[in-house]
Amino acid sequence: MTDGGTDQLLPIATGRRAGRVVADELRARPLATAAAGLAAVCAAASGLLAPVVLGRLVDAVDRREGTVWPFVGALLGAALLSAVLTGLSAVLIARLGETVLARLRERVVDRALHLPSATLDRVRGGDLLSRVGDDVAKVAEAVTSALPQVAGAGLTVLLTLVGLGTLDWRLALAGMVALPLYVLALRWYLPRSAPRYAAERVAMGERSQALVSSVQGADTVHAYADEARHRAVVDDRSAHALGITLGVFRLFTDFGWRMNRAEYVGLAAVLGVGFLLVRSGDVTVGAVTTAALLFHRLFGPLGLLLFTFDDVQSAGASLVRMVGVADLPGTAAADHAADRAADRSGVRPAVELRGIGHSYGGPPVLVDVDLRLAPGERVALVGASGAGKTTLAGVLAGALDPAAGQVLLDGEPVADLRERVGLVSQEVHVFAGPLSDDLRLARPQATDAELAAALATVGAGWVTDLDVVVGDGGRELTAPQAQQLALARLVLADPPVAVLDEATAEAGSAGARDLEDAADAAVRGRTTLVVAHRLTQAARADRVVVLAAGRVVEEGTHAELVAAGGRYARLWSAWTARG
Ligand code: ADP
Ligand code: MG
């Protein structure tokens, strides 16, 4: 992964596929889905009560009959019912959305954890992280805030239209004169808003970048007495961003005005037609009142639908990105820790790599590599950077499926090499949290005493407390310390075969020598392949294999190869010459 190369992008699902995934999840929860749907419909319907009650009240006043108190009571009741139902439906929808999202999040993380290492190396930095991080967060935010609002607003618009239609089709039709004006307002607003919002985001980004970089570089700014110029840059960007924000605000106000115009023209039409119908005795004044109020109620939710449109759209884009990862084909999630425990048989297998070939899509990285390790043998793999050592190590450890060839243990192919081969990679990732949790990755049921013993085996005397928190806000580990932990994990997992990809950074320091001893102790009793950057490691191995441009070019004991005076001999003399 340190060898450059562009980030490869993970697949993105289609909208239809994402819809199907969500629908499947909803179908798997029929009760919660039905409850949320019912509550949303009832909440939207309850909003129709107040206009109806007010209409009745107007009719009662018109006929000079009865008292108003029952109507006042009914109005209060309607308002209360509507508030309760709206709250309930928002909670039910948000909770359902969260549950579905949690399932999807699990799938994304699960797929990410099972990506072949080669893919993982390529995407780790960018795409995958943003999918697991930003996309999940964006969808989560939409699920708790936008989703209940959008569902409520959509249903309200729908039910209000139905209500208007059933009340009196002529009044409903009159209101429709607002429609063309509404569409015109939208056609005016939409093409103007998107670029402005985009420009606003860019301007805000530039502003905070200028701020952050000035603050971060404050020392340097001081040293060059450059405060005034930096202030000017920040001021400039702030003014620019403010200008754009004000522009967005004006646009928004303008649009609101156009919407209002549509609304009031429609309202005037409803009242005008209503007046004619009342005069001809076709409808009551109360019915016209109800129609006018219903009509007025349409516009709030319509506006809300419009303004959550952006959020919904960007959440949708995030959702298809999440589903793209969730749908990746992956290896079955085996419980490797349990399997390894079962395999702790103490039998050291013979290892055979047969005709291994591989490429990452470009030129071949490994070409027909044959390699045998006798039971318990320790073989060192050496070669220049880019020779294919890490790739070969990955193949043996089952981290990578080679394009050609097989790996045999005791003459048999193995379904999942990871169950029997332990890998300590060049770059060790130590999980943030208590150290003991990280170690128990290798053997979940290990006792504290076993953890301490494994640490002692690899000479990690600096660990004085198993529960010390490392990473993220805890103690930072040095690279050799992280390597030591990885070796301790190997000891705990206790696989019969070990693969060590030595860290490149060596600096003949005391730390490096400690690590060599730690590695010796960790692989004792296992059939071992060690990628050796420090040739002193190679000298200690039973046998040395030299890899160049993906091929085995020399093979023999350290002494034999030095005597042969070939490539390894040259590497060795260069190594010893540097002291
Ligand atoms: P070594 O460990 O000997 O330095 P590697 O096995 O890491 O060699 O790499 C061998 C070749 O394969 C290099 O040319 C490297 O650029 C390429 N390579 C390694 N990993 C990847 C990857 N994930 N994607 C594409 N190319 C890769
Ligand atoms: Mg390497």
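The values are calculated or read from the model by the stated rules, or taken from the named source; none is laboratory data. This structure is a prediction, so every number in the text was calculated from the model and none was measured. Positions of Cβ are backbone-derived with ideal geometry, glycine not excepted, and every protein chain shown enters the neighbour counts. Heads up: the accessible areas ignore ligands, DNA and RNA and are worked out on the full protein's heavy atoms, side chains in. Shrake-Rupley method; radii C 1.70, N 1.55, O 1.52, S 1.80 Å.
Expressed in nm to one decimal, what extension gain is obtained for the pair Trp188 and Gln313 from 0.36 nm per residue of sequence separation less their Cα-Cα distance?
43.0 nm
Taking only the alpha-carbon positions of segment 132-278 and ignoring solvent, what does the Debye formula give for the base-10 log of I(q)/I(0) at q = 0.10, 0.13, 0.22 Å⁻¹?
Log10 I(q)/I(0), no solvent term: -0.63, -0.85, -1.26.
Taking the inverse of the average 1/r across all pairs of different Cα atoms in segment 386-471, what Kirkwood radius in Å do you get?
That comes to 15.3 Å for segment 386-471.
Can you give me the accessible area per residue for segment 507-579, using a 1.4 Å probe, in Å²?
In whole numbers, segment 507-579 has 46 Å² accessible per residue.
How many Å² of accessible area per residue for segment 250-300, probe 1.4 Å?
Accessible area per residue, segment 250-300: 50 Å².
Suppose all protein chains stay in the model; what accessible area per residue would a 1.4 Å probe give for segment 355-474, in Å²?
Result: 46 Å² of accessible area for each residue.
Under a plain spin-label model, where a point goes 7 Å from the Cα along Cα-to-Cβ, how far apart in nm are Val233 and Ala198?
The modelled label-to-label distance comes out at 2.6 nm.
Going from the alpha-carbon gyration tensor of segment 534-579, what semi-axes, largest first and in whole Å, does one get by taking the root of 5 times each eigenvalue?
After diagonalising the Cα gyration tensor, the semi-axes are 16, 12, 10 Å.
Any idea what log10 I(q)/I(0) is at q = 0.07, 0.10, 0.11 Å⁻¹ for the chain, Debye with uniform C-alpha scatterers and no solvent?
Here log10 of I(q) over I(0) equals -0.67, -0.99, -1.10.
Just from the alpha-carbon atoms, what are the Rg and Dmax of segment 474-579 in angstroms?
14.8, 51
Evaluate 2.2 N^0.38 Å with N set to the residue count of segment 30-70, then give the Cα radius of gyration divided by it.
1.80
About the Cα centre of the chain, how large is the charge dipole given +1 on each Lys and Arg Cβ and -1 on each Asp and Glu Cβ? Please answer in debye to the nearest 20.
Dipole size: approximately 1940 debye.
May I ask you to derive the FRET efficiency for Ala23 and Thr253 from their Cβ-Cβ distance with R0 = 35 Å, giving the value to the nearest 0.05?
Efficiency computed from Cβ-Cβ geometry: 0.30.
Please report the carbon-and-sulfur percent of the accessible area for the chain; probe 1.4 Å, protein heavy atoms only, DNA, RNA and ligands left out.
61
What does the helix-only formula give at 222 nm for the chain: each DSSP H stretch with n ≥ 4 adding -39500 (n - 2.57), the total divided by the residues, and the result rounded to the nearest 500 deg cm²/dmol?
Value at 222 nm, helices only: -20500 deg cm²/dmol.
Considering amide H positions built from the backbone, and no H for Pro or chain starts, which residues 5 or more places from Glu554, or on another chain, come under 5 Å of its amide H?
Under 5 Å from the amide H of Glu554: Val546.
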